[in-house]
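Here is the structure we will look at, set down as structure tokens.
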Amino acid sequence: MIPVLFTTDRLVWLLVAAVAGYFLHVRGAPHLLLPWKRVTRSASGMSALVVLAVFVSVGLLDSLRYRPALDRKDEKGETVYAVEAASVLDKIASPLREHRERTYSAPLATRAYARETLEIPQADGKIKQVREFPRLAWGGTHLKDESEHAQDVAMRGLVGLALALIVWCGLAFAAVSRCAYVRKAGRREAWLAIWRAETAAPWWSMLLTAGTLLALIGPALVLCTGYHVLGTDKVGQDVLYLALKSIRTGLVIGTVTTLVLLPFAVTLGIMAGYFRGWIDDLIQYLYTTINSIPGVLLIAAAVLLMQVYVDQHPELFPTSAQRADLRLLFLCIILGLTSWTGLARLLRGEALKLRELEYIQAAQAFGVRDARIIGRHILPNVMHIVLISLVMDFSGLVLAEAVLSYVGVGVDPSMISFGTMINAARLEMSREPVVWWALAAAFVFMFVLVLAANLFADAVRDAFDPRVRVGGLARA
């Protein structure tokens, strides 16, 4: 096994390291820790964080790549490794990835979704052709009799629910132990406090959300060992596997784009508001010009130019995965370069207000350099706007990828994403019978991700809003 990191993987892990470093810094700064403690008191925000944690975990597993070893040696007796890189998620979901069918199959089905002409040998040696729904190559093949299908699905579902209940009890025990430690009380009193929602941290809401997720994940894990839980697409790929792979693409679009737009928005927005004059006019002219260009046309032109460059230099990108990763990175860059203007306007207005305050004018009167004033006084006082804006823009970027991929100017067609799933499913909705599960899976996964991001963004906005009265921290 040889570890492999694509460019987007490096940026994702760089962002993870930056977030970890930020929270380590926050732990030693009470004025920064207080708003985050307000976030932990929001029932909707913490419930959304539980959902986001599941999505982020899937995305990070898909960002750990390696080249697996093949079952053969080269001429020198050394191990031969695969050309295409696989991820840890691919390894975990190998049953979903490897067990493919010929074409469409409905969720939890044992037979294909469309009739085919089958040749059945007869006792007299003749072949009889019939139109029938053929058995799947993998889904439900463990059944000796198809009449046991409903019973088998029910039993596997109950086993999954039992496993989910065991895991949930472990999480509940950890929450009760934590609450008992903080409140310096017994576990029984701590559990009653959680049950009655009398704790500052919304443990009951978090446990309820975790229980709901486990009630869905547990049966799905057990059922996927014998069936296609969400069916298969036109080429027989498992739709559940496609939905899981799409999570990383959405997270990369939402996070890597942040790394691109943040320097432009923060630097130019603060400079325009602080220095005013011709600098302000120049920066306003710049982002007004960018806003006047239709975003879809600009993105389409940039993506097509990048595609021409890739086609003319195939030696730089030996595998299709590298070409798809480059297009994803380029799409993040273009989205970042076209979406920084909104945050820059907010920061410009805030900097115009802050520069008129007494302590800023006193620093200028004492001859403090502008760069030091911006770094010590302006920037810390606008970070709440930056944080709120970035968290709230995440869901918009995820939706932007789906729309752009749907119209053909998003990620590479070979890369799995919510947009490519929806684009492939649009023709399936017009056939008879309708193939609805691919579109439904992409919609549900994307809806849950965007909804969780919006709820968490609302909690962050309420906590970091400077108009919120700073209160004492009562219960733990």
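The values are calculated or read from the model by the stated rules, or taken from the named source; none is laboratory data. On a predicted model such as this, the values are computed, not experimentally measured, just so you know. Using ideal geometry, Cβ is built from the backbone for each residue, glycine included, and neighbour counts are taken over all protein chains shown. The accessibility values were calculated without ligands, DNA or RNA, using every heavy atom of the protein model including side chains. Shrake-Rupley method; radii C 1.70, N 1.55, O 1.52, S 1.80 Å.
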Legend entry - Selection within region 324-341 - touching a residue at least 60 places away in the same chain (Cβ under 8 Å), part of a helix (DSSP H, G or I) and not polar (S, T, N, Q): A324, D325, L326, R327, L328, L329, L331, C332, I333, L335, G336, L337
Legend entry - From the options P318, P380, residue that is in contact (Cβ under 8 Å) with a residue 40 or more places away in the chain, more than 22 Å from the chain's Cα centre (by Cα) and surrounded by fewer than 20 Cβ atoms within 10 Å (Cβ to Cβ): P318
Legend entry - Neighbours by Cβ (under 6 Å, 6+ apart or cross-chain): first from region 428-449, assigned to a helix (DSSP H, G or I); second open to solvent by less than 70 Å² (accessible area, probe 1.4 Å) and aromatic (F, W, Y): A442/F418; M446/F418; L449/F55
Legend entry - Residue count for region 266-289, restricted to those that are surrounded by fewer than 17 Cβ atoms within 10 Å (Cβ to Cβ) and among the aliphatic types (A, V, I, L, M): 3
Inset, instruction - For region 14-43, name all the residues that are open to solvent by 50 Å² or more (accessible area, probe 1.4 Å), among the hydroxyl-bearing types (S, T, Y) and under 15 Å from D458 (Cα atoms). - result: T40
Inset, instruction - Would you please list the contacts, defined by Cβ atoms under 7 Å and residues six or more apart or on different chains, that run from a residue in region 212-226 that is closer than 14 Å to L96 by Cβ and open to solvent by 30 Å² or more (accessible area, probe 1.4 Å) to a residue that is modelled with pLDDT under 90 and part of a helix (DSSP H, G or I)? - result: T225/P95
Inset, instruction - All but one of (1) of a type in the set (A, V, I, L, M, F, W, C); (2) open to solvent by 50 Å² or more (accessible area, probe 1.4 Å); (3) modelled with pLDDT of 85 or more hold for M1, so report the exception by its number. - result: (3)
Legend entry - Where V83 falls short, out of the listed (1) of a type in the set (A, V, I, L, M); (2) assigned to a loop (DSSP other than H, G, I, E, B); (3) crowded, with 18+ Cβ neighbours inside 10 Å: (3)
Legend entry - Residues of region 383-410 classified as in contact with a Phe, Trp or Tyr (Cβ under 8 Å, 6 or more places away or on another chain), within 17 Å of V260 (Cβ to Cβ) and open to solvent by less than 20 Å² (accessible area, probe 1.4 Å), total: 2
Legend entry - Check on F366, open to solvent by 60 Å² or more (accessible area, probe 1.4 Å) and out of contact with any Phe, Trp or Tyr (no Cβ under 8 Å at 6 or more places or on another chain): yes
Inset, instruction - Answer yes or no: is there a residue in region 411-434 that is open to solvent by less than 30 Å² (accessible area, probe 1.4 Å), closer than 19 Å to A344 by Cβ and within 18 Å of the chain's Cα centre (by Cα). - result: no
